[in-house]
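The values are calculated or read from the model by the stated rules, or taken from the named source; none is laboratory data. It should be emphasised that the depicted structure is a prediction, and the values quoted were computed from it without experimental measurement. Cβ atoms come from the backbone with ideal geometry, glycine included; neighbour counts cover every protein chain shown.
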Amino acid sequence: MTERTEKERLLERHHEHVRAWSEFDLGALGDIYNEDCFIFDTIPPPAFRSLRDFLQHLTPLRRTYSQFKLRTFDQMVRVDERSEDRIGWIASRYEIEVRRREGVHRRTGRWTEIYEKRGDDWKLVHLHSSDDPVES
């Protein structure tokens, strides 16, 4: 059995991240995110200085969803291990489908995760998501 490469481990971490949001698993999110992760999102206000700040803002909204589906695709994974502090990033596209009382809402966009290797674990230190521009 061959050992997984760091690129494969980072992509696996990405899939864990997507699954944690889909299941709204706060414990899993806490394991993935660095405590002071900086988050840029499409939900106003657009910048959050930690996962805790983001969740305090997002949790009441997320609890109004009867269904939440998140899927990412076209992932581009890079790992830079030249320095002592290893950095990895994943850029991908996403689709979100949310069901609420008013019906179904869909969004597509771009998503970038920046990770730092901490010991034997990849920790998310920056997340940036943005909606696709509206097609005219």
Any residue that is buried (at least 16 other Cβ atoms within 10 Å of the Cβ) and more than 14 Å from Arg9 (Cβ to Cβ) - is there at least one of those in region 76-86?
no
Within the group Leu70, Leu55, which residue is outside any strand (DSSP E or B), under 17 Å from Ala20 (Cβ atoms) and either touching a Phe, Trp or Tyr at 6+ places or on another chain (Cβ under 8 Å) or not charged (D, E, K, R) (or both)?
Leu55
So Thr59 clears everything in (1) surrounded by 11 or more Cβ atoms within 10 Å (Cβ to Cβ); (2) at pLDDT below 90 except one condition, right? Which one?
(2)
For region 18-38, how many residues meet the condition of being out of contact with any strand residue (DSSP E or B) (no Cβ under 7 Å at 6 or more places or on another chain) and assigned to a helix (DSSP H, G or I)?
9
Check whether at least one residue in region 117-133 is of a type in the set (Asp, Glu), touching a residue at least 24 places away in the same chain (Cβ under 8 Å) and not in a strand (DSSP E or B), and report yes or no.
yes
Output for Cβ contacts, cut-off 8 Å, separation at least six or different chains, first residue among the small types (Gly, Ala, Ser) in region 43-59, second in a helix (DSSP H, G or I), reads none
Considering every residue within region 16-26, establish whether at least one is of a type outside the set (A, V, I, L, M, F, W, C) and surrounded by fewer than 12 Cβ atoms within 10 Å (Cβ to Cβ).
no
Being modelled with pLDDT under 90, of a type outside the set (A, V, I, L, M, F, W, C) and within 23 Å of Glu12 (Cα to Cα): is that true of Asp36 here?
no
Take Phe38 and decide whether it is closer than 20 Å to Asp132 by Cβ, among the aromatic types (Phe, Trp, Tyr) and either in contact (Cβ under 8 Å) with a residue 12 or more places away in the chain or out of contact with any His (no Cβ under 9 Å at 6 or more places or on another chain) (or both).
no
Out of Phe40, Phe73, sole residue that is loosely packed, with under 11 Cβ neighbours inside 10 Å, within 13 Å of the chain's Cα centre (by Cα) and not basic (Lys, Arg)
Phe73
